[in-house]
1. Can you give the translational diffusion coefficient of segment B:118-245 in µm²/s, computed by Stokes-Einstein from the Kirkwood radius over Cα pairs at 20 °C and 1.002 mPa s?
2. Working only with C-alpha atoms, what are the Rg and Dmax values of segment B:163-306, expressed in angstrom?
3. Would you mind telling me the antiparallel percentage of the DSSP bridges in the protein assembly as shown, rounded to 5?
4. Could you list B:Thr260, A:Thr261 in order of exposure, starting from the residue whose Cβ has the fewest other Cβ atoms within 10 Å?
5. To make sure I understand, if each residue's beta carbon is the centre and we count other beta carbons within 10 Å, what order do A:Tyr177, A:Tyr339, B:Tyr120 fall in, fewest to most?
6. Quick check for me: using +1 on Lys/Arg Cβ and -1 on Asp/Glu Cβ, what's the dipole size of segment B:47-273 about its Cα centre, in debye to the nearest 20?
7. Assigning unit charges at the beta carbon (Lys, Arg +1; Asp, Glu -1) and nothing else, what dipole magnitude in debye, to the nearest 20, does the protein assembly as shown show about its Cα centre?
8. Run the label-point distances for B:Asp32 please: 7 Å along Cα to Cβ, every other copy, nanometres, shortest first.
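What follows is calculated from the coordinates using simple rules that are stated; it is not laboratory data. What you see is a predicted model, and the numbers here were worked out from it, not measured in a lab. Note: ideal-geometry Cβ built from the backbone for every residue, glycine included; neighbour counts use all protein chains shown.
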Protein chains: 2
Amino acid sequence: MKFNKNLENIENYEAGKPIELIVREFGIKEKDVIKLASNENPMGTSKNVQKTIKKNANKAHLYPDDSMFELKKALAKKYEVDLNNIIIGSGSDQIIEFAVHAKMDENSAILTSGITFSMYEIYAKHLGAKIYKTTSKEHNLEEFKEIYEAHKDEIDIIFLCIPNNPLGECLDKEDVYKFIKEVDADTLVVVDGAYNEFAKFKDVKKGIDVRNLIFEFNNVLYLGTFSKLYGLGGMRVGYGIANENITSNLLKLRAPFNVTTISLEAAKEALKDKKYIEKTLKNNLKEMKRYEKFAKKHNIKIIDSYTNFITFIFKDKNSTEIYDNMLKKGIILRDLKGYGINAIRITIGLPYQNKLVLKELKNTLQIIDKMQ
Amino acid sequence: MKFNKNLENIENYEAGKPIELIVREFGIKEKDVIKLASNENPMGTSKNVQKTIKKNANKAHLYPDDSMFELKKALAKKYEVDLNNIIIGSGSDQIIEFAVHAKMDENSAILTSGITFSMYEIYAKHLGAKIYKTTSKEHNLEEFKEIYEAHKDEIDIIFLCIPNNPLGECLDKEDVYKFIKEVDADTLVVVDGAYNEFAKFKDVKKGIDVRNLIFEFNNVLYLGTFSKLYGLGGMRVGYGIANENITSNLLKLRAPFNVTTISLEAAKEALKDKKYIEKTLKNNLKEMKRYEKFAKKHNIKIIDSYTNFITFIFKDKNSTEIYDNMLKKGIILRDLKGYGINAIRITIGLPYQNKLVLKELKNTLQIIDKMQ
């Protein structure tokens, strides 16, 4: 049976290895595995959210409220926007998918940073669309501008990942605004703020004012997620905020019931859990320093991170070898070799996890040194 | 901002009204609302599944195992197929979406029954593809064959809904097999078995032998769901079973983490819950008779149903008027006017619900009679 030719060029997203896999493959006990590979919230699921999930366990047979009224209302309040400015997806990934399918076809192109969240590219490839990337790995708005000017007719969507996953760097919001001003009104600019709360906490200049952004620019789609700060990676809830012309068109591509009944309840509860959010942000900023110190001491290059992870770039050691060695010890990190960079991305964990990870990393680096 | 022209023709799927909406709109208490609109399992969430959800509430922050190994293993065992024959989706809807996007483009067409599950058409419209439907509302394989022969070059996917939602009729499996034998090897035949367990329980001739089906035909994709018999409508888990050439191509369009961590656990547990399944099937068959008797007595036309719902077709009364009247009483049914038929679809509920629904329906019919 034949399928669309576009499919030939699609490679699937490589997810961080799940704990179950390490248990199965290496026979390590579940409780001994440390997973700092997928930027999940190391605080675990908030106690309040756990309560909500338990309370709603008897509603699993009921389809979700497809209008998502309650969650939209909560998000509208948080961002001071209208319900019609919001679209909710199965993770913010799905909003990316809607945007690509709503705006593009095989003759159009996206523009992204040299190294960034790979789903932008994967969804564009679903359509057989073209991918323009800056030669600069990190976001470089000058280069974005140059490429955009040269290929304006083709480029339908520009993706800005603020801060950038998997590198960690972050543009200043003022620079972002200045850039968007020079983009044509018919080009969609996706501002992916999956980690923006972490950036804002570290440096207020990096925090996107979403309301302001979407009211100033009719061609901007802001993305947010419950998977990181809110600790709901497993529940698959993300959202897009934009003017109604954008959301209403994207909504046409949303299948009914794209978020589970229990996920909607969990997300509503997570928004309210100020203590959990504060603890998460504080732990992250404090523990990040531990990694920065380690990198400095061991002469590992890092990019200043505005996220809940840090990326260690290696010169004379192979990131895949380091990754594999750590995996055998039951520590799951993310090798970025597939992104075209010899680096390891580590989610900032709890103090005890970070200590153990860095201890084992030190050992691993020493072993590799001896073998070289 | 401009969007793809295909979007102009897309209407969203109209979901059964959620209970929350009736509470909000009519001020009826949640516990007093009867929803028999979405073919959810009236037994509620199985107790075992509830336990599983509660047990896994503390894993909401963890991304799901993207290989879905455990659930695939359980499904492979149930259907006696290989893990590679299975693809899991956010509801079987999502597998329909993958199939349409993998196989079709704006120049191709689908072929469906005159009245059937609307998502086939909606996904095809996302691509701007053409829709062929039989003039016969119910599945009529002779007419399917005629249309297929006349438009073979265009038709990429044939959808058979066995039994059919929202009408309830069901083809014999032998007739289905005979039909598929005459379809070209490059045309995908989707056999949607969302309600097939109900059909098989009523009449073994209607039950699809999935293993046999996919090993005999390389161009068939079978769809199953956890939303109906297994009582997990809110958890969004469905699956496709086909030969590996089909599943591997569809998998290319699957976004990572398309099913939640807790949904995967709930689905695994639901498969094991034999008692709940048996109770559901028995209640359904028994209570269906209550509706059949009512229809006969009140001269309402019905289609012999092989599902967990029954469709009442009205001659001299407006289905929308009946639907609206019932809604005001806190009883949510499904008006099929939008499907082009003057009918109401009612999910078979628990005995007390069915009694109340039929009592109120009787009253409603009398009131309308008097007004006419």
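1. Details: Rh = 15.3 Å.
In µm²/s, the coefficient is 140.
2. 17.2, 53
3. Working: 34 of 70 bridges.
For the protein assembly as shown, the DSSP antiparallel bridge percentage is about 50.
4. Details: B:Thr260 31, A:Thr261 23.
Ordered from fewest to most neighbouring Cβ atoms within 10 Å, B:Thr260, A:Thr261 come out as A:Thr261, B:Thr260.
5. Working: A:Tyr177 16, A:Tyr339 20, B:Tyr120 25.
Starting with the residue having the fewest Cβ neighbours, the order is A:Tyr177, A:Tyr339, B:Tyr120.
6. Working: 30 positive and 34 negative charges, 276 e Å.
Computed about the Cα centre, the dipole is about 1320 debye.
7. In debye, rounded to 20, the protein assembly as shown gives about 4080.
8. Copy-to-copy label distances at B:Asp32, shortest first: 5.9 nm.
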